[in-house]
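Visitor: Supplied in structure tokens, the structure appears directly below.
Derivation of every value follows stated rules applied to the coordinates shown; laboratory data play no part. Owing to the predicted nature of the structure, the values given are computational and were not obtained by experimental measurement. Here the Cβ is made from the backbone with ideal geometry for all residues, glycine too, and neighbour counts use every protein chain on show.
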Amino acid sequence: MSNMKAILGIAAVGFIFYTVLGSGGGARAVDLGQVTDRTSFALENYSGFLEQKEVTEISDANMQEFTRYYQDVLNNEPRFYGETLGVAYQDDASFTGYADSNDNGVQDSDEAKVFSVELDSANERLIVSDVSGNSTEYRSSGGGFFTGMLIGSMLSRQGRSGIMPGSFSSRKTVARSAYRAPSSFGSAMRSSARSGARSGGLSAGK
Ligand SMILES: [Ca+2]
């Protein structure tokens with residue numbers, strides 16, 4: 001009898017655990033590989049756009065435009081997340097990705113954080129993390145990425161918030177090439193989504 005109670009108790013706890021972490025309440029697992037690829041794509045493309053426009057100083061309007069563009073890239077077909085993703089540019093120059101359930105471009109109080117993107121200038125990488133402690137990174141192969149104006153503007157903002165260049169040096173990440181998305185994502189979806197992000201007709205111009 002008491003055994004039966006214990007089993008039922010475990011089942012109940014398991015069910016609550018699954019309900020809270022698996023669906024409602026918390027953010028669902030995200031493919032950080034997709035986030036990383038699309039984030040670097042958006043940053044590189046928008047940097048190129050600014051260069052083309054011969055912009056010499058990044059304004060707030062530029063950052064707002066970039067944020068909208070970045071959101072478009074994240075939500076571009078094929079989708080890799082169950083809800084619309086929103087992005088908020090933080091005072092420390094990190095980006096917070098959140099589940100924008102009502103699709104209004106604002107992180108409302110019931111909308112959970114999904115990922116964050118931080119700039120590690122000392123090691124020339126972007127650190128991309130989810131809320132479960134997984135992280136991967138982006139390192140530019142072409143060089144020049146970290147000397148661009150957009151990244152420069154983000155680094156100034158980071159400095160103004162008191163973050164030192166070496167602050168991220170001890171942060172461990174899984175290399176992008178070694179990162180594997182949570183098992184619920186099929187490899188077919190992953191590869192088609194990646195090619196979609198590269199060739200989805202995204203325009204940096206407005
Ligand atoms: Ca919202």
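Visitor: Lys and Arg at +1, Asp and Glu at -1: add these up for the other residues within a Cβ distance under 9 Å of residue 129 and post the number.
Guide: On the way: positive: 171; negative: 118, 130.
Every neighbour counted, the sum reads -1.
Visitor: Taking 8 Å as the Cα distance limit and 6 or more residues as the minimum spacing, I'd like the relative contact order of region 29-199 as a percentage.
Guide: 28
Visitor: Report the net charge of residues surrounding residue 63, where surrounding means a beta-carbon distance below 13 angstrom and charges are Lys +1, Arg +1, Asp -1, Glu -1.
Guide: Neighbourhood net charge equals -2.
Visitor: Could you give the length gained by full extension between residue 55 and residue 113, i.e. 0.36 nm per residue of separation minus their alpha carbon distance, to one decimal place?
Guide: Numbers: separation 58, 0.36 × 58 = 20.88 nm, distance 3.20 nm.
So the chain would gain 17.7 nm between residue 55 and residue 113.
Visitor: While we're on this one: Sort the following peptides by mean Cβ neighbour count (other Cβ atoms within 10 Å, averaged over residues), highest first: 118-130, 97-109.
Guide: Numbers: 118-130: 20.1, 97-109: 14.8.
Answer by packing, highest mean first, reads 118-130, 97-109.
Visitor: Here's another thing I want to ask about it. Is region 50-143 best put as rounded, prolate or oblate by its Cα gyration tensor, with a ≥ b ≥ c the root eigenvalues, rounded for a/c under 1.5, and otherwise prolate when a/b is larger than b/c, oblate when not? Working shown, then result.
Guide: Details: a/c = 1.70, a/b = 1.22, b/c = 1.39.
It comes out oblate by the Cα gyration axes.
Visitor: Estimate the FRET efficiency between residue 161 and residue 106 by the formula 1/(1 + (r/R0)^6), using the beta-carbon distance for r and 22 Å for R0, to the nearest 0.05. Show your work: numbers first, answer last.
Guide: On the way: r = 22 Å, r/R0 = 0.98.
It comes to 0.55.
Visitor: Still on this model: What does the charge add up to near residue 167, with Lys and Arg as +1, Asp and Glu as -1, over the other residues with Cβ less than 11 Å from its Cβ?
Guide: -2
Visitor: Given points 7 Å out from each Cα along the Cα-Cβ axis, report the residue 171 to residue 91 separation in nanometres with one decimal.
Guide: Calculated label separation equals 1.9 nm.
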